[in-house]
1. Give L35, L22, L7 a once-over and let me know the one that is among the aliphatic types (A, V, I, L, M), free of Cβ contacts under 8 Å to residues at least 24 places away in the same chain and within 28 Å of Y167 (Cβ to Cβ).
2. Would you call T384 of a type in the set (S, T, N, Q), over 34 Å from the mean Cα position of the chain (by Cα) and modelled with pLDDT of 90 or more?
3. Where in the range 1-112 are the helices (runs of 4 or more DSSP H), entirely inside, with at least 2 residues that are over 30 Å from L177 (Cα atoms) and touching a strand residue (DSSP E or B) at 6+ places or on another chain (Cβ under 8 Å)?
4. Out of curiosity, is G272 modelled with pLDDT under 90, in contact with a helix residue (DSSP H, G or I) (Cβ under 9 Å, 6 or more places away or on another chain) and at positive phi?
5. I need the full set of residues from the range 576-601 which are modelled with pLDDT under 90 and either in contact with a Phe, Trp or Tyr (Cβ under 6 Å, 6 or more places away or on another chain) or of a type outside the set (V, I, T) (or both), in order please.
6. Within the range 550-565, is even one residue in contact with a helix residue (DSSP H, G or I) (Cβ under 6 Å, 6 or more places away or on another chain), outside any helix (DSSP H, G or I) and closer than 24 Å to T23 by Cα?
7. Quick one: N315 ticks every box in (1) touching a residue at least 24 places away in the same chain (Cβ under 8 Å); (2) touching a helix residue (DSSP H, G or I) at 6+ places or on another chain (Cβ under 7 Å); (3) surrounded by fewer than 23 Cβ atoms within 10 Å (Cβ to Cβ); (4) not small (G, A, S) except a single one, so which number is it?
Amino acid sequence: MLALAILPFELAAGVSVGPLTLTNVELLISGALGLWLALLAAERRAPAVPRWLAGCAAVLVSVLLLSAALAADERSGAIRFALRQGQGALLALCIADTLRRSGGASRLAGALLAGAGLSAALGLVELSEAPAALALLAPFKSESTYMGGLIRLSATFSYANTAAQYYEALLPLSVLLLIAGDRAQGIGDRGAQLGRRSPQVNHEAHEVHEGRAAAVSASWPSWPSWFKPSGHFHLSVLVLGALLVLATLFTYSRAALLVTALLLLLLPVAAGLSWGRAALGRIGLACVGLLAVIVGVAAVSPTFRLRVSEPELANWYSARYQPAPLAALAPNELRPVPITLRNSGRIAWDHAGTRPVRLAYHWIDATTGQIVRFEGRRTPLPHTIQPGATVALTATVQAPERPGRYILAWDMLREHIGRGWFSQMGVPPARVTVVVGGVPPPGVKPPPPERPAAPSSIMAQPGPPGRRALWGVALELWRERPLLGIGPDVFRHIYGPRLGLTLFDSRVHTNNLYLELLTGAGVLGLGAFLALIGCCLWAGWRALTVHRPPSTVLLGALLGIVAFLAHGMLDVFLAFTPTYALLWSLIGIVAGLTAGAGERSGRQAT
């Protein structure tokens, strides 16, 4: 329980264990696995897990290790990736064995939800950008996630998209607690234990479950008052669901938004098919409320609407400059210069706050084109400038200290982000030719040397390649080694030259789970992964149709895996400890709660 609750709280700093560096989460999982293996040895037994889980997990991890060992580039990183998946597979086996031997599905699910809820709450506090909140979350990541000066909720995760995937995968489980709280069915703990001991006990447990379900269902309010939370439990469930939805929205992940909406549409259907009209009404109204949260955020947040409608950051910012002419300056001279600005972009220019927008300038040598001074004096805005609005300013300019012919390049800047200059986002600066000469004014000191040194030129810094370009390179690399691939987690280190890039971000993956596996581990790796997922979904579906009433934990875990698979069409999460451990945990929960389904099915047929 502690290992699952702590999954979202991985510290950025790790501990060296031999050739590996393990994080606090990996160490805790390793400790839990060590205790479990010691228990197996003490009891002199093999893990009580389904054969499909043991076989598919062993094949997948073996293929990943073989592919990593044969990798031509970044072999050590590929081996580390494969070993992490091996740890995840052991975690799934441990959870499945624990549930089949002693139950506790609801407690494990509660641990997952407790960790996710706390992390989401901290993420919403992070949006305030209060120094105390940022300092509290600093140990979990090297830096917060920003997008054009807009902070994206990353909470206790290293990156916003990772947080989004984690929260959305646990959303179904949180919503289905509305049914579990009514004890409308035995949700896998006691009933599952009874069902595994003998056919006779299994039959008795089934009757007990049906009796309890009938009694509780009869006590449910009928329409139109299906949805009346009874006490603090239902209220806390709704708060948890709203926390996860809000946190997911403010990661500004468009893929997560689509998957969340899909889950909220699927949940009432799944509940209705599993538990009938009462469950359909209760879960349906809860999902309508959560969908209303999404609509409300879109209605009140223009930034959220902009992110959804315009993913290209370069289209957010644009400026039109009308500077006054400035023919000549003395060296180091300070002079006020009138200039009119128009916000021709799609996002407002904040005049205050943590990252305000300000007017500044660069000095460029007119002969060589080299930047003489990159960081010009800032001129604050008098108020927030909305898109389409115009403002007249008087900026103070300080001339270079050496005589010569220069270009004064006016440029807007959003402070305190990595690529805050508008020129770096593709917005051309306004250029004015200025001649510097004569005697410097008395008493005026030159500006201090720039640290770090000024760049050689002003140019737009390209963002990460688009998905289409990355997918094309991934397929090209896969064709070179179709069977075992280039090595897991290697793509991000070598894609740049294939796109003609000398400088590229090594944190960028293929942005597709299936292409990542195909490129990294070939047809064998992707096939092993799909076989594992296919067996898991099939076993879960059979258990849902056999056990009546079905387990809410089982259905929540299955829908969480579906969320992974859907989001995997547009992103990759197996390289990050919280998300790969969560996926393997959900697989383990499904495996642990599907025991006896085949036996029940066979007896019913007989």
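The values are calculated or read from the model by the stated rules, or taken from the named source; none is laboratory data. What you are looking at is a predicted structure, and each value in this text was computed from that prediction instead of being measured. Don't worry about glycine lacking a Cβ; one is built from the backbone with ideal geometry, like all the others, and counts go over all protein chains shown.
1. Values: L35 fails: within 28 Å of Y167 (Cβ to Cβ); L7 fails: free of Cβ contacts under 8 Å to residues at least 24 places away in the same chain.
Testing whether each residue is among the aliphatic types (A, V, I, L, M), free of Cβ contacts under 8 Å to residues at least 24 places away in the same chain and within 28 Å of Y167 (Cβ to Cβ) leaves just L22.
2. On the way: of a type in the set (S, T, N, Q): yes; over 34 Å from the mean Cα position of the chain (by Cα): no; modelled with pLDDT of 90 or more: yes.
Criteria not met by T384.
3. Details: elements: 2-5, 24-43, 51-69, 75-102.
Per the criteria, 75-102.
4. Working: modelled with pLDDT under 90: yes; in contact with a helix residue (DSSP H, G or I) (Cβ under 9 Å, 6 or more places away or on another chain): yes; at positive phi: no.
Spelling it out, it is not the case that G272 is modelled with pLDDT under 90, in contact with a helix residue (DSSP H, G or I) (Cβ under 9 Å, 6 or more places away or on another chain) and at positive phi.
5. Step one: filter the range 576-601 for residues modelled with pLDDT under 90, giving 594-601.
Result: A595, G596, A597, G598, E599, R600, S601.
6. No: zero hits.
7. With (1) touching a residue at least 24 places away in the same chain (Cβ under 8 Å); (2) touching a helix residue (DSSP H, G or I) at 6+ places or on another chain (Cβ under 7 Å); (3) surrounded by fewer than 23 Cβ atoms within 10 Å (Cβ to Cβ); (4) not small (G, A, S) applied to N315, the lone miss is (2).
One line per residue, one yes/no per condition, for (1) closer than 28 Å to V508 by Cα; (2) touching a residue at least 12 places away in the same chain (Cβ under 8 Å); (3) of a type in the set (A, V, I, L, M, F, W, C):
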| residue | (1), (2), (3) |
| --- | --- |
| A72 | yes, yes, yes |
| L90 | yes, yes, yes |
| R101 | no, yes, no |
| A111 | no, yes, yes |
| A132 | no, no, yes |
| T145 | yes, yes, no |
| F157 | yes, yes, yes |
| A163 | yes, yes, yes |
| L177 | no, yes, yes |
